[in-house]
Each structure stands twice: as C-alpha cells, then as structure tokens.
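These notes concern the structure reproduced below.
The values are calculated or read from the model by the stated rules, or taken from the named source; none is laboratory data. Since the structure is predicted, the reported quantities are computational estimates derived from the model, not experimental observations. Please note: Cβ atoms are built from the backbone with ideal geometry, for glycine as well, and neighbour counts cover all protein chains shown. Just so you know, the surface numbers come from the protein's heavy atoms only, side chains and all, with ligands and any DNA or RNA stripped out. Shrake-Rupley method; radii C 1.70, N 1.55, O 1.52, S 1.80 Å.
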Amino acid sequence: MTYVERVLKDLKERNPNEPEFHQAATEILTTLEPVVGKHPEYEKAGLLERFIEPERVIMFRVPWVDDSGSVHVNKGYRVQFNSAIGPYKGGLRFHPSVNLSIIKFLGLEQILKNSLTGLPIGGGKGGSDFDPKGKSDREVMAFCQSFMTELYRHVGADTDVPAGDIGVGAREIGYLFGQYKRIRNEHVGVLTGRGLSYGGSLVRTEATGYGLIYITEEAMKMCGDSFQGKTVVISGAGNVAIYACQKALSLGAKVVAMCDSNGYVYDKNGIDLKVVKTIKEIRRGRIKEYADIVSSAEYHEGCKNIWSIPCEIALPCATQNEIDAESARLLVNNGVKYVAEGANMPSTLEAIGVFQNNGIVFLPAKAANAGGVATSALEMAQSSGRMFWTFEEVDAKLKNIMVNIYHNIDGAAKEYGYEGNYVMGANIAGFIKVAEAMMAQGIV
Ligand code: NDP
Ligand code: 2IT
C-alpha cells in the first residue's frame, strides 16, 4: 500500500459517516502520489496525516428566538483547517444540509484554493444548519447575533477571517460584523464581503462569478476560442451564478438556463439577467417567477434536468454533487466543450472521470471559483492598509490572479506529465506551497 493509500484508508476509518469529506480527500490525495513520490521526506514528517487533520474543530450551540416567541437551537461550526501560509480564511454556509462532513470537505478544499490565489491565506470553513429562507430580517439578525456571540472568541483579523457562502450574503455579514464589533469593541477586517460603507471592497460581490469567467476565458483562449456566441448553462441563481451570468453575457455568450433548489428555467431567447436579479436579489423569490414574467421561458420542477439542455459551456454554480455521471454523459453527448466549477465540488468523482475521458476542458472548483476568496484577501489588504481601491483596480487584480491560476495549474499538470488534467494541476500546485510552509515550520 502506498503512503497516500494508507493515509486515505485511515482517514475513512477514523472519520466514518463523512461522505463529502471522504470524496474531497480522495480527489485530492490520489492526485498527490507523484508529489509525495518525489519527496520521501514528507512521509517521514507525517505531512499528509497532518494535512488532512484540521488544526481545530469548533462546534457550538446557537439558540435564538423567532418572531412568535418560540426558541430554536441550531448547530454552529468553524473548522480551522490549516494556517501554514496565513490566517484561516473561508466562508460560512447557512443551509439545513450543513453538517461536519460538509464543513470539513469545504475546509480541505479551501486550503488548496487559497494557496492557488498566491495570497497569504490559510484554509477554514464554517456555518450552521440554520435555514435563512422564509425568515424575517429580525429572525436572521437574532440568529447571526447568537452565532457571533460564540464565534467571536475564535476569530480575528489576523487569526481567522470568515466570509459568505450559501445562505450568507451582504445582510448576514452585516449582522455578524455588527455583533463582533459590539462585543470586541474593534472595527477590524474580521469578516470579508462587508458592505462598502464599513470596510468592504468593490468587486467582492461580483468576484466569484467574474473570476470563474476570467479563468474559463483564458482556458478557451488557449484553444483559440472565446465566449462570443456560445450557449451557456448555469446552475444556481445566487451570488456566484448571477455574476457569472453577467460577465458571460458581457463577453457575448447566450445563457439559456438557470435554477434554484426547486427547479430550472429555460429561456431559448437567452436569460434576461435583470429579471433574475429582481427576483433573487430584491424580492428573495423563486426562479419559477421568471417564467411568469418572461414569455419565452419554460419552468421545470427539479434541478437535475438542467444538464440535459445542449450547451457548449456548463457552469455548475449551485452546490456539491449536482452533476453525476449520468448528467455528465448527457452534457458530453450534447456537445459540451468546457465545464468550469463555480460551486464547490459540484461534480461527483465519476462525473469528473466522464469529462476527462471525453477530452472536455474541465476546470475544478478550487481553481475556477478562487476569485471570491482572492478578492476577500484583497479586501483584507485594503482593511489593514486603511485604503480603498477603485473598481477597475480590484477587477484588474482579480483578472490577473485568475489568469495566473490558469497558467499555474496548466504548468503543474504538464510538469508532472498530466497535460490538460487541471484536477492534477490544481491539487499539485496548491499543495506544494502548503507543504513547503508546513515542512519549514516543524511538526506542528
Ligand atoms: P447563494 O446562497 O447565493 O446561492 C446558492 C444558489 O444555489 C441558490 O440559487 C440556491 O437555490 C442554489 N442551491 C443551493 N443549494 C442547493 C441544492 N441543494 N440544490 C439545488 N440548488 C441549490 O450561494 P453562492 O452563490 O454564494 O454559492 C454557490 C456555490 O458557490 C456554493 O457551492 C459555494 O460554496 C460556492 N462558492 C461561493 C463563493 C462566494 O464567494 N459566495 C466562492 C466560491 C465558491 P435556493 O435559493 O433554492 O436554495
Ligand atoms: O468557497 C469559497 O471560496 C467562499 N465561499 C469564499 C470564501 C471567502 O473567504 O471569501
């Protein structure tokens, strides 16, 4: 049994009932064989064993009172996974499906993603099984204040800097920041994705979606191709999906479908993003309403069939495991050429296999959606320097980071003999920097 196989087997035995964590760890560790083969000193130093074990896991009770006076108790999590290259950094997810396995998979991915940005940020992730959907603003505030009343003692601008993820947007970040500031009496960059009036950065709202399109554009450029005139399917209708759509449209693409967790809309004339924004950002409504407003659109219950729509570019931007092998085969048979992951781990291991075996250009999440956290790091830089950069400055830095990530992962894949395999390239390039930092810092 190889070193990697042994570590993976131990991980599964010692962390039972964590399928998402097993999946992410399998994807990552199996691609690191050539790196640990080249560096026998890593095994002696127990490097992989330390890499896959979070430095700290915090789990806590989050009690809050709803508008009718009833008491609710949710679970709160923060996994501080790896601080070798910088303070823990990663989002908070509020969704009923959140559990330790999901937060650990996201935290593990985040370590390598943050490394790929080239900026000094370690990996962490947190969240709660709280569902903001259907709650009043006061209920969301009560929940966020209770959540931060425990979390504040574990985070800090140089320790751990959370941000948004599913279910955590500008409103939630505002309430969380307000409570942190009240308890600690310090106005510091302890969260990113803050509003522009209290320390936020321009472009952070757009960053993940824009970054996804910038890296895809670069990969397409290498194939002599562009977004102009291409048909695109985007899953999700949240932060990542909306701004991926906006940038793809600005480059001349036609986005024909988007979805939420209830179902998808197909608009043969091309999605009218203004309508989606009004429904999602202003009304907090359902994507179904799009078909009531736009007559060329059809609404279908359920999300899975969104991948049966023919397209050249598929951008999964909703959630984990939304593309299985069957959906991947449908996409391939219908002529997809590029798949870039806006969501974290949206493709199952089998689906990734289908894309790679069919010569699809496949850009994995930790590279493709790194623009969000990269811009969070730019927000941190502006906070600590007490500066405020223009939209154009931040956007140019974001684009540069995404183009660099593409060439970095492409170069690593080639160097290790796996040209065009960006899963290998992203994992290897991300891991090398973290490994070097961990080796330099001794057994900690
Ligand atoms: P949002 O909460 O803004 O939007 C999530 C979207 O995905 C919504 O349309 C939601 O539908 C849909 N969705 C969520 N869960 C499911 C599900 N189980 N099945 C089907 N659809 C679902 O989140 P974000 O846009 O911020 O996040 C989307 C993805 O991108 C996540 O995987 C996240 O981890 C990843 N990501 C986010 C970054 C960021 O900066 N925000 C950065 C990097 C990655 P509904 O409203 O019905 O729940
Ligand atoms: O998955 C992610 O990279 C995010 N949700 C963004 C994290 C961040 O700290 O900006």
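In the stretch 178-275, what GluC sites (Glu not before Pro) fall in a loop by DSSP, with at most 14 other Cβ atoms inside 10 Å?
186
Quick check: the distance between the Cα centres of the stretch 371-444 and the stretch 1-74, to the nearest angstrom?
About 21 Å separates the Cα centre of the stretch 371-444 from the one of the stretch 1-74.
Please state the equivalent ellipsoid semi-axes for the stretch 87-134: what are the square roots of 5 times the Cα gyration tensor eigenvalues, largest first, in whole Å?
One finds semi-axes of 23, 10, 7 Å for the stretch 87-134.
Could you name the lysines whose alpha carbon sits less than 22 Å from that of residue 397, not counting residues in the same chain fewer than 8 places away?
89, 113, 221, 247, 366, 433
Please report, in whole Å, how far the alpha carbons of the stretch 401-444 spread along each principal axis, starting with the longest.
35, 24, 13
Expressed as a whole number of Å, what is the distance separating the alpha-carbon centroids of the stretch 275-343 and the stretch 202-257?
13
In Å and on Cα atoms, what radius of gyration and Dmax does the stretch 177-290 show?
17.1, 54
Excluding ligands, DNA and RNA, what is the solvent-accessible area per residue of the chain at a probe of 1.4 Å, expressed in Å²?
So the chain comes to 39 Å² accessible per residue, rounded to a whole number.
Mind checking which of 336, 190, 297 is farthest towards the positive end of the chain's charge dipole, using Cβ charges of +1 (Lys, Arg) and -1 (Asp, Glu) about the Cα centre?
Looking along the dipole axis, the top candidate is 190.
Please report, in debye to the nearest 20, how large the charge dipole of the chain is about its Cα centre when each Lys and Arg carries +1 at its beta carbon and each Asp and Glu carries -1 there. Write down the numbers at each step before the final one.
Working: 47 positive and 51 negative charges, 175 e Å.
The dipole of the chain has a size of about 840 debye.
Let me see the pair-distance distribution of the stretch 231-313: every alpha carbon pair, 10 Å bin width, integer percents in order.
Percent of pairs per bin, in order: 20, 60, 19, 0.
Express the relative contact order of the stretch 169-282 as a whole percentage, based on alpha carbon pairs under 8 Å and six or more residues apart in sequence.
19
Give the span of the stretch 64-189's Cα atoms along each principal axis, as three whole-Å numbers ordered largest to smallest.
Dimensions of the stretch 64-189 along the principal axes of its Cα atoms: 47, 33, 21 Å.
Can you send over the carbon and sulfur percentage of the accessible area for the chain, probe radius 1.4 Å, protein chains only?
It is 50 percent, rounded to a whole number.
Near residue 135, which aspartates and glutamates are there with a Cα under 19 Å away, not counting those fewer than 8 places off in the same chain?
Within the straight-line limit of under 19 Å, residue 135 reaches these aspartates and glutamates: 66, 67, 165, 172, 260, 281.
How big is the stretch 149-228 by Rg and Dmax over its Cα atoms, in Å?
16.8, 54
Report for the chain the percent antiparallel among DSSP-assigned beta bridges with both residues inside it, nearest 5.
Taking every DSSP beta bridge within the chain, about 55 percent pair in antiparallel fashion.
Computed from the mean reciprocal separation of all distinct C-alpha pairs, what Kirkwood hydrodynamic radius does the stretch 303-434 have, in Å?
When all Cα pairs of the stretch 303-434 are included, the Kirkwood radius is 15.9 Å.
Given N residues in the chain, what is Rg(Cα) / (2.2 N^0.38 Å)?
0.93
Please tell me the relative contact order of the chain in percent, rounded to the nearest whole number, where contacts are Cα pairs under 8 Å and at least six residues apart. Provide the component values of the computation, followed by the final result.
Details: 910 pairs, mean separation 67.0, N = 444.
Contact order relative to length: 15 percent.
If you average 1/r over all unlike Cα pairs in the stretch 203-350 and invert the result, what Kirkwood radius do you get in angstrom?
One over the average 1/r among Cα pairs gives 15.0 Å for the stretch 203-350.
Could you tell me the largest-minus-smallest coordinate of the C-alpha atoms of the stretch 118-177 on each of the three principal axes, in descending order and whole angstroms?
38, 23, 19
Across all directions of projection, what mean area in square nanometres is found for the Cα convex hull of the stretch 1-111?
Values: hull surface 32.9 nm².
Mean projected area of the Cα convex hull: 8.2 nm².
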